[in-house]
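Engineer: Sharing a structure below in structure tokens format, with a few things to ask.
The values are calculated or read from the model by the stated rules, or taken from the named source; none is laboratory data. Bear in mind that the values here come from a model prediction, so they are computed numbers and not experimental data. Cβ sites come from the backbone with ideal geometry, for glycine too, and all protein chains shown count toward neighbours.
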Amino acid sequence: MATAQQPPDTRRGTSDSLLSPDFLRRLERLELVTRKALIGRMKGERRSRRRGQSVEFADYRDYTPGDDLRFLDWNIYGRLDRLFIKLFVEEEDLHFHILIDASKSMDFGTPTKLRFATQIAAALGFVGLIGQDRVVVHLLGEGITRSSRPLRGRRSFIELLEFLERVEPEAEGDLHRSLRQFALTYRIPGIALVLSDFLDKQGYEPALRYLAASPMEVHVVQVLAREELDPPLLGDLRLIDCEDGEELPVTISAPLLQRYRQRLRAFCGGIERWCLAREMSYMLATSDADVESVVFDHFRRIGLVK
Amino acid sequence: MFEFIGALTPWQWAAIGGAAFGIVLLYFLKLRREPQIVPSTLIWLKTTEDLHVNRPFRWLRANILLILQLLLVALLLLALLRPTVHGGAKGVARYVILIDTSASMGATDVSPNRLEYAKEKAIDEVVDGVMDSNDMAMVVAFNDTASVVASYTSDKDRLRRAIRSIALTHRSTDITPALQLVEPLANPDTVMIEGEEVQPEGAVRPVPATVVLYSDGGFTDVPEASLGDVDIVFRSVGQEDNNVGIAALAARENESKPGRIGLFVRVANVGQAAEHRRLQLLVEETPVGVEDLSVPAQSATSASFELTALRDALVEVRLDGEDALPFDNVAYLRLRPPQPVRVALVTAGNRWLEFALSTSEVKELAEVDVISPEQLQEGRVQSAFAAGQYNLVISDGIPLPESTEANTILFGVAPPNPKAARLVQVAHPVIIDTNSSHPLLQYVDLATLRIVKGFAIDAQAGAVPLARSTAGTIICEIPRGYYRDCVVGFRLLNEEGALNTDWPVRVSFPVFLMNALRAYGRAELTGIEASLRPGQPFHLDQRFVPRGASPVVLTPRGTKLPMTKTGTGYVFGATDLVGIYKVLNGEKLLATFTVSMLNQDESNIAVRHEAIIGGREIRSQEQRIVVRSELWPWAVLLAFAICLTEWYVYNRRVAI
């Protein structure tokens, strides 16, 4: 459990632009929640599904030979003349992976999608750090291009911020390769938060399928710019893909825009249905959305934080 | 149904074609797409892929602006071509009612006759039928001429009165003058310049008119008529085609029996059945001969009568019996005493010439006045010369006054107009060539003529040389206004009164003078005066009318109409009806003339139900009287709508 302490020093400038001190103070009241079984390597402040040696009583079970006699409940034995072993809630740390799509397409919008993703990452990372969870941030480009050191504890927040501030968009993104690499590398259960626009021409399904097969509890946040949802485009244009440079001549008219919006809605709806079918949470956020409300409303609603 | 009445010149076609080509060119030149960097073309690709797969006429949608622009040009082109459609909604309509008043319209196969039937039908169909209160109509009556009976008006009472006032004539049919009258309505912007039609620029075309033609179709087709946007509706009038009529009447003096006149009549049957009719000959309304004729169907037969030469009589041939066309059953001829030729011989004394003009043959033809040079100076003679009282003046070397109004034969003297010819004296000219085909020199042999002194004639252009000598033209005919002067380039006598030539003692000399009387004096041996045809004007010579009289003509209708004065007498033109016309001065009969139809085409009262006018085949009965509406305003309106659509599409991008 996070204890009420002073927020970390956020005067280093970088934090000013990512998260406001007031927001951080509010974040302190949150903690990450996971529905999946967790196997931490270190004792943490998290209740594990495994019965362990915390002080919090969880259950009783019949004594079987070989059990630690220290956990016999002698009071029960006195009353019922039967041997019961007291089970306690195991408390352990949580592996929290934040995967930020840093492909060039994320460097779009006002503010950029990447900026929004880093803000979300900073906020949830902060929640994880103060919850003594193990927070790792991965930048996804043509693979996992960079990962932060596993961070833990309030003091690591500055490092987290520094890492996030240094995030630069990569030339080209390969979501499939990145998530495959992640799934193969990290086999310990935990939480994986994916922040991406999912505008990958190879499709989102093969990529997300790696996460679905992993023991991670996966949360998907699709970040799109307002300009992508409602493009301010009209006329005879040559659309150029910022990542692969593909060109598409198109005469944009009101009906075409209408059709584009329908197609985009169908695309996002497809991701959502796909995710929900695999017990992943999904959220569509615009890059100009209020980070606080996203964290406090959406993530609370889907049970990532409480 | 649809018709294009506008026409574009090749240059206008080229301009429009160029505009369309330019639009296409500009469209593709203009289509430089602006580059726009987007995060991903993924969704755009999916969007356009959908379209490629699902949308029919994708190419059309992609080039919608181009299509609209081309459509705009096409519509403007359509408007320029002025499409019209028959029927439909009409604006202010114009009608031209053409009514045939020719002889065949007098056929009584429909009651009371074709013309009256046509008139009532025109009133029923047009004036009281299709005409709205705003519509206008004009009425034109035509036979071989056309006249406007009522100009454009929407006053129906006036139109009815005008139509009912149209009277039958016995003239022939020719629709061309009527079409020429209508043509300005069709092509009002066309003017004739030096025989070519020219369209002045900027001319505005009027409302197209509908011509409703009421006729029995007895006119020849006029495929070359230019009708432009005038629409013709043909209403044929009449039912039957059975008719027998006198097609020709001629009289000739019987050469083998002097004093007898042969009369030849040709009777035509235009019907489908053979006819038996009786032909009567009447002289001064007294029957003098009858012949029963059998005329096969669609054929003609001839009859002849012989008359004793009558000095003055009205001859009438009449077909008995009833048929549809009564006035072709009669024809007239007038026998008159021959009018003597009035000859003035101006001479100082020439017994050869006087003798040659005093023969019995000459006396039968001519009255010769011998005038001396002294008498020629008298005012009485001069005014007689100037008034044209002589038909022929023969001058024996005496110059004639310039005011001479007569043909002249001039021996060795310049014509009355001295500028017309110059005489150059020559000695012993020998005639080497004569124009023996000329009426003056027929049967005149001048080959061995001997001449002591002569003149070579240097005549103005237009003169006809009749005889050439070794020294030049020696006999020459020189036109002078209405008259002709025959200049003979030598005198008959010399100054001493002796013969200058041996011509007066030759046979050819009186033959020449007889030729002169006939050719220049218009002398005729018999006085057969053919009947006039309906519409032909009648001329009455001044000399038959007493001074100060104002002759009037009593027509077969019984009306009296005045004659028009002309330079040489009086003329009467209203000879529309067959019959006897009497020229009266008060109660005194001055002259009589007749008008006969003698026109087999008009006797043919067969009704024709189709005709070709202005390259169009028009059929009677099938056509309704419809108004042709012009569609160009709709084309322009549509073009305007397309213009707006284009503006909307361009600004709103409503289409893909």
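Engineer: Would you mention how many residues in the stretch B:546-578 are surrounded by fewer than 18 Cβ atoms within 10 Å (Cβ to Cβ) and either among the polar types (S, T, N, Q) or part of a strand (DSSP E or B) (or both)?
Structural biologist: 12
Engineer: Let me ask another. Regarding B:GLY228, is this residue at pLDDT 85 or above, in a loop (DSSP other than H, G, I, E, B) and closer than 30 Å to B:LYS121 by Cα?
Structural biologist: Details: at pLDDT 85 or above: no; in a loop (DSSP other than H, G, I, E, B): yes; closer than 30 Å to B:LYS121 by Cα: yes.
So B:GLY228 fails the test.
Engineer: Output the residue which, of all residues in the stretch A:203-221 that are out of contact with any Ser or Thr (no Cβ under 7 Å at 6 or more places or on another chain) and not in a helix (DSSP H, G or I), is modelled with the highest pLDDT. Step through it out loud before you land on a result.
Structural biologist: Going residue by residue through the stretch A:203-221, those that are out of contact with any Ser or Thr (no Cβ under 7 Å at 6 or more places or on another chain) are A:203-216, A:218, A:221.
Remaining after also requiring not in a helix (DSSP H, G or I): A:203-204, A:214-216, A:218, A:221.
Numbers: A:GLY203: 87, A:TYR204: 89, A:SER214: 85, A:PRO215: 84, A:MET216: 86, A:VAL218: 90, A:VAL221: 93.
Out of the qualifying residues, it is A:VAL221.
Engineer: Just to be sure I understand the filter: pairs with C-beta atoms under 8 Å, separated by 6 or more residues or on different chains, first member in the stretch B:24-41 and more than 7 Å from chain A (Cβ to nearest Cβ), second member at pLDDT below 80 and assigned to a loop (DSSP other than H, G, I, E, B). Which pairs pass?
Structural biologist: If the second residue must be at pLDDT below 80 and assigned to a loop (DSSP other than H, G, I, E, B), the pairs left are B:TYR27/B:ASN63.
Engineer: Another question, if that's okay. Of a type outside the set (Phe, Trp, Tyr), over 17 Å from B:PHE327 (Cβ atoms) and assigned by TED's automatic domain parsing to the domain that holds B:VAL368, is that true of B:MET563?
Structural biologist: Numbers: of a type outside the set (Phe, Trp, Tyr): yes; over 17 Å from B:PHE327 (Cβ atoms): yes; assigned by TED's automatic domain parsing to the domain that holds B:VAL368: no.
No: the conditions fail for B:MET563.
Engineer: Which one of these does B:GLU646 not meet: (1) within 30 Å of B:VAL96 (Cβ to Cβ); (2) at pLDDT below 85; (3) of a type in the set (Asp, Glu)?
Structural biologist: (1)
Engineer: Additional query: Return yes when B:VAL267 is under 23 Å from B:ILE605 (Cα atoms), in a strand (DSSP E or B) and touching a residue at least 24 places away in the same chain (Cβ under 8 Å) and no when it is not. Step through it out loud before you land on a result.
Structural biologist: Working: under 23 Å from B:ILE605 (Cα atoms): yes; in a strand (DSSP E or B): yes; touching a residue at least 24 places away in the same chain (Cβ under 8 Å): yes.
Taking the combined requirement at face value, the residue satisfies it.
Engineer: Sticking with this structure for a sec: Tally up the residues in the stretch A:242-267 that are without any contact (Cβ under 8 Å) to a residue 60 or more places away in the chain, in contact with a Lys or Arg (Cβ under 7 Å, 6 or more places away or on another chain) and part of a loop (DSSP other than H, G, I, E, B), please.
Structural biologist: Residues in the stretch A:242-267 being without any contact (Cβ under 8 Å) to a residue 60 or more places away in the chain, in contact with a Lys or Arg (Cβ under 7 Å, 6 or more places away or on another chain) and part of a loop (DSSP other than H, G, I, E, B): 1 in total.
Engineer: All but one of (1) surrounded by 19 or more Cβ atoms within 10 Å (Cβ to Cβ); (2) within 14 Å of chain B (Cβ to nearest Cβ) hold for A:GLU217; state the number of the condition that does not hold.
Structural biologist: (2)
Engineer: Filtering the stretch A:222-238 down to residues that are at the interface with chain B (Cβ under 8 Å from one of its Cβ atoms) and under 15 Å from A:ASP288 (Cα atoms), which residue is nearest to the chain's Cα centre (by Cα)?
Structural biologist: Step one: filter the stretch A:222-238 for residues at the interface with chain B (Cβ under 8 Å from one of its Cβ atoms), giving A:225, A:228, A:231, A:233-238.
When the remaining residues are screened for being under 15 Å from A:ASP288 (Cα atoms), the result is A:225, A:228, A:231.
Working: A:ALA225: 19, A:GLU228: 23, A:PRO231: 28 Å.
Result: A:ALA225.
Engineer: Quick check: anything in the stretch B:47-61 within 13 Å of chain A (Cβ to nearest Cβ), on the phi < 0 side of the Ramachandran plot and at pLDDT 80 or above?
Structural biologist: As a first pass, look at the stretch B:47-61 and keep what is within 13 Å of chain A (Cβ to nearest Cβ): B:47-55, B:58-61.
Pick out the ones that are also on the phi < 0 side of the Ramachandran plot and you get B:47-55, B:58-61.
Next cut, at pLDDT 80 or above only: B:47-48.
Yes, the stretch B:47-61 has at least one match.
Engineer: Additional query: Filter the stretch B:148-168 for residues that are β-branched (Val, Ile, Thr) and in a strand (DSSP E or B); which is surrounded by the most Cβ atoms within 10 Å (Cβ to Cβ)?
Structural biologist: Just the residues of the stretch B:148-168 that are β-branched (Val, Ile, Thr), to begin with: B:148-149, B:153, B:163, B:166.
Adding the requirement that they be in a strand (DSSP E or B) leaves B:148-149, B:153.
Numbers: B:VAL148: 14, B:VAL149: 20, B:THR153: 14.
Filtering the stretch B:148-168 for residues that are β-branched (Val, Ile, Thr) and in a strand (DSSP E or B), the one surrounded by the most Cβ atoms within 10 Å (Cβ to Cβ) comes out as B:VAL149.
Engineer: Considering only residues that are buried (at least 24 other Cβ atoms within 10 Å of the Cβ) and in contact with a Leu (Cβ under 6 Å, 6 or more places away or on another chain), look in the stretch A:101-118 and name the one that is nearest to the other protein chains (Cβ to nearest Cβ).
Structural biologist: A:SER105
Engineer: I'd like to verify a number: residues in the stretch A:164-189 that are within 20 Å of A:ALA123 (Cβ to Cβ) and surrounded by fewer than 24 Cβ atoms within 10 Å (Cβ to Cβ), how many?
Structural biologist: Going residue by residue through the stretch A:164-189, those that are within 20 Å of A:ALA123 (Cβ to Cβ) are A:164-167.
Remaining after also requiring surrounded by fewer than 24 Cβ atoms within 10 Å (Cβ to Cβ): A:165-167.
Here the count works out to 3.
Engineer: Would you confirm whether any residue within the stretch A:265-281 is buried (at least 22 other Cβ atoms within 10 Å of the Cβ) and not assigned by TED's automatic domain parsing to the domain that holds A:PRO169?
Structural biologist: First, the residues of the stretch A:265-281 that are buried (at least 22 other Cβ atoms within 10 Å of the Cβ): A:275.
Add one more test, that the residue is not assigned by TED's automatic domain parsing to the domain that holds A:PRO169, and what stays is A:275.
There is at least one residue in the stretch A:265-281 that is buried (at least 22 other Cβ atoms within 10 Å of the Cβ) and not assigned by TED's automatic domain parsing to the domain that holds A:PRO169.
Engineer: For the stretch B:393-413, give me each residue that is of a type in the set (A, V, I, L, M) and over 17 Å from B:ALA467 (Cβ atoms). Explain how you work it out, then say what you get.
Structural biologist: Taking the stretch B:393-413 first, the residues of a type in the set (A, V, I, L, M) are B:393-394, B:398, B:400, B:406, B:409-410, B:413.
Result: B:VAL393, B:ILE394, B:ILE398, B:LEU400, B:ALA406.
Engineer: Sticking with this one: Restricting attention to the stretch B:282-316, which residues are within 17 Å of B:LEU249 (Cα to Cα), in contact with a Gly (Cβ under 8 Å, 6 or more places away or on another chain) and not in a strand (DSSP E or B)?
Structural biologist: B:ALA309
Engineer: Of the conditions (1) buried (at least 19 other Cβ atoms within 10 Å of the Cβ); (2) modelled with pLDDT of 85 or more; (3) under 22 Å from B:LEU333 (Cα atoms); (4) small (Gly, Ala, Ser), B:ALA516 clears all except one; give me its number.
Structural biologist: So the condition that B:ALA516 fails would be (3).
Engineer: Applying the selection to the stretch A:183-209, what residues are in contact with a His (Cβ under 6 Å, 6 or more places away or on another chain) and more than 14 Å from chain B (Cβ to nearest Cβ)?
Structural biologist: Taking the stretch A:183-209 as the starting set, the residues that turn out to be in contact with a His (Cβ under 6 Å, 6 or more places away or on another chain) are A:188, A:190, A:192-193, A:202, A:206-207.
Of everything in the stretch A:183-209, those that are in contact with a His (Cβ under 6 Å, 6 or more places away or on another chain) and more than 14 Å from chain B (Cβ to nearest Cβ) turn out to be A:ILE188, A:GLY190, A:ALA192, A:LEU193, A:PRO206.
Engineer: Next question. Listed residues A:LEU304, A:LEU284; which is modelled with pLDDT of 90 or more, closer than 21 Å to A:ILE120 by Cα and more than 8 Å from chain B (Cβ to nearest Cβ)? Don't jump to the end; show me each part of the working.
Structural biologist: Values: A:LEU304 fails: modelled with pLDDT of 90 or more.
Going through A:LEU304, A:LEU284 in turn, the sole match is A:LEU284.
Engineer: Same structure again: Would you be able to tell me the number of residues in the stretch A:239-261 that are within 7 Å of chain B (Cβ to nearest Cβ) and more than 19 Å from A:GLY109 (Cα to Cα)?
Structural biologist: Going through the stretch A:239-261 one residue at a time, the tally reaches 11.
Engineer: Take the residues of the stretch A:22-69 that are surrounded by fewer than 14 Cβ atoms within 10 Å (Cβ to Cβ), assigned to a loop (DSSP other than H, G, I, E, B) and among the hydrophobic types (A, V, I, L, M, F, W, C): which is modelled with the lowest pLDDT?
Structural biologist: By that ranking, first place goes to A:ALA37.
Engineer: For the stretch B:401-412, give me the residue count where each residue is crowded, with 22+ Cβ neighbours inside 10 Å and either not assigned by TED's automatic domain parsing to the domain that holds B:MET514 or not polar (S, T, N, Q) (or both). Give the derivation first.
Structural biologist: So the first thing to find is which residues in the stretch B:401-412 are crowded, with 22+ Cβ neighbours inside 10 Å, and the list is B:404, B:406-412.
Of the ones still in play, those that are also either not assigned by TED's automatic domain parsing to the domain that holds B:MET514 or not polar (S, T, N, Q) (or both) are B:406, B:409-412.
Summing the residues that are crowded, with 22+ Cβ neighbours inside 10 Å and either not assigned by TED's automatic domain parsing to the domain that holds B:MET514 or not polar (S, T, N, Q) (or both) in the stretch B:401-412 gives 5.
Engineer: Give me the helices (runs of 4 or more DSSP H) completely within the stretch B:356-463, filtered to those with at least 3 residues that are hydrophobic (A, V, I, L, M, F, W, C), ordered by residue number.
Structural biologist: Details: elements: B:360-365, B:373-376, B:379-386.
Ranges flagged: B:379-386.
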